Amino acid sequence: MHHEEASMIKTIVQNLINGSMMGAIYALIALGLSIVYGVMNVVNFAHGDFVMLSMYFTFWVATLMRWDAVATPLLTFPLLFIIGIFTYYAIIDRTLRQIYVTQIAVTVGLQTLLRALTQVIWKA
């Protein structure tokens, strides 16, 4: 086998692995979104931004604390759990008895807030 063919096969295998990993991440995001809507009956437009926040925290912990990527959930999971509980009781719980337009407006506002905070902390 020539060097070019081996390199091409390696690239194809790596792309298949990367695609499978991205597909797993998208499946987890969709699962979380459907659980939030199915259980709590909340249309959460900020769901993807919480995922973005968790990925930034994971990268930050892995980089600054020099932790292995597999170990970072030991810190990021409890931190985001606390942020989620705070967000629920401070914001979401107050909109549960309102009309859906209120829930949508509040979660879109939360989405905008999370994006702005992320840009302030980690830059654009």
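The values are calculated or read from the model by the stated rules, or taken from the named source; none is laboratory data. Just so it is clear, the model here is predicted, and its values are computed rather than measured. Please note: Cβ atoms are built from the backbone with ideal geometry, for glycine as well, and neighbour counts cover all protein chains shown.
Details
- Count of residues meeting criterion [more than 20 Å from the chain's Cα centre (by Cα) and surrounded by 11 or more Cβ atoms within 10 Å (Cβ to Cβ)] in the stretch 84-102: 7
- Scan of the stretch 38-73 for residues that are under 18 Å from the mean Cα position of the chain (by Cα) and assigned to a loop (DSSP other than H, G, I, E, B), ordered by number: VAL42, VAL43, ASN44, PHE45, ALA46, ALA69, VAL70, ALA71, THR72
- Filtered residues of the stretch 33-55 (kept if under 16 Å from THR87 (Cβ atoms), modelled with pLDDT of 90 or more and not hydrophobic (A, V, I, L, M, F, W, C)): HIS47, GLY48, ASP49, SER54
- All positions within the stretch 1-36 that are out of contact with any His (no Cβ under 9 Å at 6 or more places or on another chain) and closer than 21 Å to VAL108 by Cβ: ALA30, SER34, ILE35
- Which listed residue is free of Cβ contacts under 8 Å to residues at least 12 places away in the same chain and among the β-branched types (Val, Ile, Thr), from VAL70, VAL61, VAL42: VAL70
- Only one of the numbered conditions (1) without any contact (Cβ under 8 Å) to a residue 12 or more places away in the chain; (2) surrounded by 12 or more Cβ atoms within 10 Å (Cβ to Cβ); (3) under 20 Å from MET40 (Cβ atoms) is violated by LEU114, and that is (1).
- Close pairs from the stretch 19-31: first at negative phi, partner assigned to a helix (DSSP H, G or I) and at pLDDT 90 or above, Cβ under 9 Å, at least 6 apart: ILE25/VAL51; ILE25/MET55; LEU28/VAL51; ILE29/HIS47; ILE29/GLY48; ILE29/VAL51
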